[in-house]
Each structure stands twice: as structure tokens, then as C-alpha cells.
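Undergrad: Take a look at this one; I'll ask things after.
The values are calculated or read from the model by the stated rules, or taken from the named source; none is laboratory data. Quick caveat: nothing in here was measured; it's all calculated off a predicted structure. Every residue, glycine among them, receives a Cβ derived from its backbone with ideal geometry; neighbour counts consider all protein chains shown. Just the protein is used for accessible areas: all its heavy atoms, side chains included, with ligands, DNA and RNA removed. Shrake-Rupley method; radii C 1.70, N 1.55, O 1.52, S 1.80 Å.
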Amino acid sequence: MPETTTGALIYQILELLPFLKELPEFLHIPMLMFVTGLIPVTVISLVGLVGVYMERKVSAFMQIRLGPMEYGPWGTLQTLADGIKLMGKEDIIPREADKPLFILAPIAAFVGVFLLFIAIPFDRDIIVVDLNVGIFYLAAVASIEVVGIIMAGWASNNKWSLLGAMREAAQVVAYEIPVGICLVTVVIVSGSFSMVDIVEEQKGLFLNWFIFRNPVMWVVFIAFIIASLAELKRAPFDLPEAESELVSGFHTEYSGMRFSIFFIAEYGAMFVASALIAILFLGGYYTGIPFLDNIDGILGILIRVGALFGKAFAFLFLQMWIRWTLPRIRLDQMFYLCYKVLVPFGFVAMIITAFWQMVLPGDGFMSLGWAPGLGK
Amino acid sequence: MGTYFREIYKVSKSIVTGMGITWRYFVNAKKRIVTIQYPHEKAKIPSRHRGTHFLETEKCILCYQCSNACPVDCIYIEGSRDGTVSGSHQGKGASLTRFSIDYGLCIYCNLCCEPCPTECIHMGQQFNLVSTRRDEMMNNLLTDKVYNEADHKFVVGKRAEIDHLAEEKKRIKAEKAKAAAAAKKAAAAKKAAEEAAAGDKPEAKEAGAAKPAAKAEKPAAPAKPAAEAKPAAKPKTDSAPKAEGAAKPAPAKPKADPAPKPDVKAEEGAKPAAPKAPPAKPAPEEKKEADKPVTESKESAKPGDDKKKEDDKGSSSGPSEEEKKS
Ligand code: SF4
Ligand code: SF4
């Protein structure tokens with residue numbers, strides 16, 4: 001198994017919660033798992049709450065509406081109220097459904113998102129485990145959510161659900177190729193699979209960010225945004241839950257808490273994708289202004305975590321903005337975009353990056369003398 | 001190959017354009033938002049909106065014109081013109097025990113408001129009539145509340161009193177009619193006194209109308225006021241052209257100024273015009289303006305009425321200026 005850095009969150013938690021050490025030996029690991037597990041769950045839920053509220057407001061403003069206004073100032077508590085309502089709903093399982101699979105499916109989908117959070121660095125030390133194969137791990141675990149969705153589609157015993165799940169499978173398998181190419185390009189530039197190393201490599205002035213590393217990196221950046229949208233099944237790639245064709249796709253038969261788990265998982269995955277874009281291309285938790293990044297102590301941590309959340313929410317907004325602008329594309333268009341546009345462009349960009357890295361290793365534009373040695 | 005890149009360029013361009021449009025909407029959202037937070041704030045309702053009715057009870061003369069006009073017969077009126085019913089709402093020369101509209105039936109057609117001779121029933125602004133029970137759809141226009149059990153008990157209880165009042169009136173009228181008949185015989189004997197009899201004619205007509213009234217109880221009530229209303233209405237229509245000028249005090253002055261016609265006649269013409277002017281229904285479009293003069297006219301028809309309003313003063317100032325000039 002991967003070695004962990006000494007600063008990893010798990011060890012900090014042991015220091016922070018001394019009573020854990022007083023527990024009997026055999027409880028150490030379960031308690032540790034429980035406590036560390038709580039953190040991603042909390043972050044996912046909070047991000048889900050904020051994300052849903054944001055989505056409603058953004059869509060409302062783009063359509064000259066007000067959005068939720070009743071609960072809390074400017075309707076801020078509306079999502080919470082909806083969550084409580086969903087919890088109170090009757091738990092319906094269709095008679096002909098495959099019961100165990102039907103119950104397991106949302107859990108599998110949520111676990112997929114939950115596992116993604118483990119490898120996201122919110123700061124140099126605030127990461128559950130800094131795996132030395134971080135990117136590889138993310139690419140692998142991102143597919144678990146799909147398993148949950150295919151389970152849901154199959155277990156529902158409903159043709160809409162099944163069609164939605166099949167589309168989802170086809171879509172995710174197709175778009176894993178461009179996503180993989182983009183990740184490989186980033187790895188070529190950074191020289192490391194570890195998430196923390198990737199971010200550390202971008203320290204300094206914002207010209208150090210990977211998006212500015214070579215002239216084709218922005219192509220990779222855009223390709224990654226498009227491919228991540230497709231992996232997230234967000235509009236305009238929301239074919240798996242196309243309301244006008246498939247009722248609501250794989251979660252047609254789901255209601256109440258199970259439905260809301262799917263929902264939270266979706267918003268959690270959106271956040272992870274946004275954070276990943278920031279980490280891989282835009283300096284992660286660094287603000288791009290050297291003297292802000294060099295602050296130590298709790299203030300520095302706050303700035304860095306804030307920077308990552310700020311960037312992630314900016315991309316969350318971009319996802320919403322795209323969703324409320326573009327219509328859903330056709331299935332063939334989706335595959336055309338993947339295999340005939342993103343894959344070739346990604347490949348060319350990857351090859352150019354590889355050569356660039358061979359000829360001009362180091363700090364990208366900085367090595368050309370544009371901004372000599374600033375802030376490193 | 002060329003088309004491939006051209007297509008990519010076209011798609012990218014259209015996406016950027018579309019995102020620009022939504023961005024502009026998002027940024028300018030505050031200015032553009034059209035949502036009205038309904039229960040908290042309400043849209044402006046046009047002044048001619050046909051909502052639920054409201055009744056100016058003090059002007060109602062209990063003529064049943066509105067309930068007769070209603071195509072679905074959903075207006076229920078009870079009351080008496082023959083005297084004061086205790087505890088009832090007072091109209092103009094009438095006591096109303098009941099004036100309710102069943103909004104389960106009403107089609108908001110405005111037909112009840114049109115024939116009302118005193119323009120006292122109007123379509124209002126209220127529009128959300130929600131109730132869980134059918135009988136809550138009955139509105140009591142006298143109190144502007146739901147017509148409830150207590151109201152109904154009151155109405156039923158007062159029916160005897162109304163009948164009693166009607167009989168009293170019948171008896172008195174019958175006596176009067178006898179007296180009038182006797183007077184008529186006497187008048188017929190004196191051929192020379194025909195001119196004087198002309199003055200009594202309206203009275204005689206009333207008496208004549210009262211006789212059929214005695215036979216048929218209810219229809220009598222509307223018939224009689226109608227008879228009264230007709231002579232009242234005629235002068236109104238006659239004076240209408242003058243009244244239009246008088247209703248708006250401002251144009252009345254220029255009209256009066258350049259008309260230094262035969263002095264005495266102008267004065268005489270102007271003086272009767274002043275009290276008559278308000279009663280005439282001016283242009284029906286100006287309902288709000290029209291409402292006030294109507295009330296005044298009915299009240300000012302009685303000489304020496306203490307209620308004099310601004311419009312009245314305005315119209316009376318017209319002739320006074322004329323007098324000065326003449
Ligand atoms: S609006 Fe029409 S239906 Fe309603 S009470 Fe008046 S006349 Fe009858
Ligand atoms: S028509 Fe007008 S005055 Fe006559 S009963 Fe109806 S509301 Fe009263």
C-alpha cells in the first residue's frame with residue numbers, strides 16, 4: 001500500500017484527539033476510520049447544500065427569476081428544508097425491483113464520491129492520504145460511481161432506468177479516454193502522480209500554474225473541463241437522465257432519502273471535478289501571489305483552503321452556467337465530440353507537451369525568461 | 001479536414017455567444033427579474049378588474065335591478081322599502097336585511113353593475129376566493145364577510161317584520177287611494193279645475209300603481225321605485241350636456257364666461273342646473289369621479305342638506321361668478 005506523508009490528516013487527528021489513544025487497541029483503527037470518514041461526509045454534505053442552493057439561484061437569475069425566497073434570508077435554508085422533506089418521505093421500493101441491488105445502488109454511488117475526497121489536497125497537510133499514485137487513484141475510483149448507477153438502473157426494473165444506466169456506462173467509458181489523456185499530460189509536466197507534489201510544483205507566481213506551462217496546455221485544460229462535464233453527466237451531457245426522453249433516467253424509481261443520496265453524490269462529484277481542475281491546472285490551494293502563499297500558521301492555512309474552495313466554486317459556477325445555457329446534445333454528437341475531437345486534440349497536445357518538456361524542462365514560460373525566477 | 005476545423009470553430013463560437021447572453025442576464029438579474037413574491041407583494045390590479053363585488057349600502061334603493069339582471073341569479077336581496085326594519089342595514093330609503101352573492105355561481109360578468117340606478121354596486125379588486133366548503137362561497141356584501149349561520153337566522157327572523165311593514169303600507173295606501181279617488185270624482189265634477197288636477201296627476205298615478213302593488217306583494221316593491229325613478233331620471237338625461245360641464249368645474253367656467261346671454265335667463269338656467277348637474281351620470285368612464293356627484297345629487301336633491309362637498313361648491317361657484325358678471 002502507498003506510503004503516507006508524515007503530515008497526513010490521519011496522524012494530525014491522532015494528535016488532536018488524545019482520547020483516541022486511551023481506547024483499547026483493537027478500536028484504534030475503526031475509530032480513526034470513523035473520524036476521518038466524517039470529514040469527507042461533512043464536506044460532501046455541505047458542498048451539496050451550498051451547491052444546490054447555488055444552482056437554483058444561478059438558474060433563476062439566468063432566467064430572470066428570483067429562485068427560492070421563502071426560508072431564511074434569500075431562501076438560504078430552502079435546501080435544508082427540502083432535505084428534511086426528503087427524509088420524511090415514504091421509502092418506496094418497486095415490487096418487481098431487485099431489492100438488495102436497489103438498496104445498495106445509492107450507497108455505491110455515494111461511496112464512489114466519498115473515496116474521491118480522500119485524495120484531494122485542501123492544503124499541504126490537509127489531505128486524508130497523500131497517495132503517491134494520487135491521480136491514478138482518482139481516475140480509478142471515479143468509475144465506482146458508475147457502478148452504482150448501473151446497479152440502480154438494473155435493479156429498478158424499469159426501461160427508462162435501464163436505458164439511462166446504459167447510456168451512462170457508454171458515456172463514462174468513452175470519456176475516460178480524454179480524461180486519462182489530460183491526466184497523463186499533467187503528469188508529464190509535473191513529473192509526479194502525487195496530488196500534493198502536483199500542487200507544490202505550481203507554487204510561486206501564477207505564471208507557474210500548469211495551464212501556462214506550455215502553449216498547448218490550455219487545450220488540455222478545456223478538453224478536461226468538457227470531459228469532466230461528460231463524466232459528471234451534467235448538461236449538455238445529461239443523456240443518462242434526459243428528462244424529456246427518459247423521465248429521469250436511472251433514478252426514475254428512487255424517492256426520498258435514496259434519491260437525495262444520489263443527488264448529494266452528484267454535487268459532491270461536481271465539487272471534486274471542479275477542485276481537480278483547479279489542482280491540475282490552476283495552482284490548487286495556492287493563490288498565485290507569492291507573499292500570500294508564504295504566510296504560515298492558521299492564517300496561511302485559511303488562505304490556502306479558501307483559495308482552493310474559491311477556485312472550485314468558480315468552476316462549479318461554470319458548470320451551472322454551461323448547464324443553463326446549452327441544450328442537451330444528441331448521443332451521436334456526444335460520441336463524435338469524444339472520439340473525434342477530444343481524443344485527437346488531447347493526443348496532439350500530449351505529444352507536444354512531451355517534446356516541450358524534453359527541450360525546455362523546468363518552469364515553462366519562466367525558463368524562456370519571461371518572468372525570471374519570481375517567487376520560487 | 002477543412003470542414004472539421006470549421007465546424008469546431010463554429011460550435012465554439014456559438015457556445016461563447018450563448019454563454020455571453022446568459023452571463024449578461026445573470027449579471028443584470030437585479031434589474032430584470034420579473035418575479036412577484038405573490039403572497040407578500042401583489043401585482044397592480046387594473047382599475048377595471050372584475051373581482052368580487054362591493055356595495056355602497058347607503059346608496060342602495062332596493063330596486064332589485066341587479067338581481068334581475070344577473071344571468072345566473074346569484075344575488076340574494078331581502079329588505080323593505082316600506083319602513084325601517086330594526087337591526088338592518090340602511091340603504092337610501094330602504095332597509096336591507098340581506099344582500100349576498102353566491103360566488104360559487106357568479107361568472108363575474110359585470111351585468112349586475114350596469115343597470116343599478118344609483119351605481120352603488122361595483123366589481124372590486126379582490127380575487128382570491130378560496131374556501132374549503134361550498135357555503136363559504138356566499139358573501140355578505142353588507143358586512144363584506146362570509147354569509148354565515150347568524151346572518152341567515154337574522155334574515156329569516158326579519159321576514160315577518162318586512163311583511164308586516166308591507167301590510168301597514170298597503171293599508172295606508174289603500175286609504176290614501178280611496179281619498180284620492182274621492183278627490184278625483186270631485187275634480188272631475190269641476191271641469192274648470194283641470195289645470196289644477198294636472199299637478200295632482202303624479203300622485204294619482206302613484207295611487208294607481210299602489211293598487212296592483214296591493215295584489216302582488218313582492219313585484220310591487222320594484223315596480224314602485226321604478227315609477228318613482230323614472231321621473232327622477234328624466235331630468236337627469238335632459239341636463240346631461242350641461243352636467244358634463246358642471247361635473248368638471250374647470251371647463252364650466254370658460255363655458256359660463258363667454259356666454260353673457262340674456263341676463264336673467266342665464267341666471268335662472270344656471271341655478272337649477274347646479275343641483276341637477278351632479279345627478280346626471282357623466283361620462284361613465286370616469287367612475288371614480290362619477291361616484292361622488294351621485295351621492296351628492298341624491299342628498300342635495302333634498303333642499304337644505306348639510307352635506308355639501310367640494311364638487312358641489314365648485315359647481316355652485318360657477319353660477320355665482322356669472323351673477324357677478326351679469
Ligand atoms: S357579475 Fe354577473 S353573475 Fe356575478 S352577480 Fe353580477 S350579474 Fe350575477
Ligand atoms: S340595482 Fe343597485 S340600488 Fe338596486 S338593489 Fe341592486 S344594488 Fe341596490
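Undergrad: Run through the stretch A:47-106 and list the GluC sites (Glu not before Pro) located in a DSSP loop whose Cβ has at most 12 other Cβ atoms within 10 Å.
TA: The qualifying sites are A:Glu70, A:Glu90, A:Glu96.
Undergrad: What does the net charge come to around A:Val47 if you take all other residues with beta carbon closer than 12 Å to its beta carbon, with K and R at +1 and D and E at -1?
TA: Taking every Cβ under 12 Å from that of A:Val47, the sum is -2.
Undergrad: Determine the order of A:His28, B:His53, B:His152 by accessible area, beginning with the largest, at a probe radius of 1.4 Å. Intermediate results must be reported in sequence, preceding the final value.
TA: Details: A:His28 50, B:His53 10, B:His152 80 Å².
Reading off the accessible areas and sorting them downward yields B:His152, A:His28, B:His53.
Undergrad: Is the shape of the stretch B:53-161 rounded, prolate or oblate, going by the alpha carbon gyration tensor and its root eigenvalues a ≥ b ≥ c, with a/c under 1.5 for rounded and a/b larger than b/c for prolate?
TA: oblate
Undergrad: Just to check, using Stokes-Einstein with a Kirkwood Rh over alpha carbon pairs, what's the diffusion coefficient of chain A at 10 °C and 1.306 mPa s in µm²/s?
TA: So the translational diffusion coefficient is about 72 µm²/s.
Undergrad: Ignore the peptide's own chain and count Cβ atoms of other chains within 10 Å of each Cβ in A:54-64; give me the average, rounded.
TA: 4
Undergrad: Any idea what the relative contact order of chain A is, in percent, if you count C-alpha pairs under 8 Å spaced at least 6 apart? It would help to have the intermediate numbers written out before the result.
TA: Working: 569 pairs, mean separation 80.7, N = 376.
Once divided by the residue count of chain A, the mean separation gives 21 percent.
Undergrad: Lys and Arg at +1, Asp and Glu at -1: add these up for the other residues within a Cβ distance under 14 Å of A:Val173 and post the number.
TA: -2
Undergrad: Need one number: buried accessible surface between chains B and A, 1.4 Å probe, both sides summed, DNA, RNA and ligands left out, in Å² to 100.
TA: 1700
Undergrad: Moving to a separate point now. Considering Cα pairs under 8 angstrom that are at least six residues apart, work out the relative contact order of the stretch B:53-161 and quote it in whole percent.
TA: So the answer I get is 30 percent.
Undergrad: So, one more: Given springs between every Cα pair under 10 Å in a Gaussian network model of chain A, which of A:Ser161, A:Ser244, A:Ser192 has the largest fluctuation?
TA: A:Ser244
Undergrad: Computing the accessible area with a 1.4 Å probe over protein heavy atoms, can you report the carbon and sulfur percentage for the stretch A:92-368?
TA: Working: 7880 of 10520 Å².
Of all accessible area on the stretch A:92-368, carbon and sulfur atoms account for 75 percent.
Undergrad: Next up: Name the most mobile residue of A:Val133, A:Val184, A:Val359, meaning the one with the largest mean-square fluctuation, in a Gaussian network model of chain A with Cα contacts below 10 Å.
TA: Of A:Val133, A:Val184, A:Val359, the Gaussian network model singles out A:Val359 as fluctuating most.
Undergrad: Quantify how strongly other chains surround peptide A:90-97 by giving the mean number of their Cβ atoms within 10 Å of each of its Cβ atoms.
TA: 0
Undergrad: State which helices in chain A qualify, where a helix is a whole DSSP H run, it must extend 27 Å or more along its own axis by its Cα atoms, and its mean Kyte-Doolittle hydropathy must be at least 0.0.
TA: What comes out of the filter, once short or polar helices are dropped, is A:25-62, A:99-118, A:159-190, A:256-281, A:297-323.
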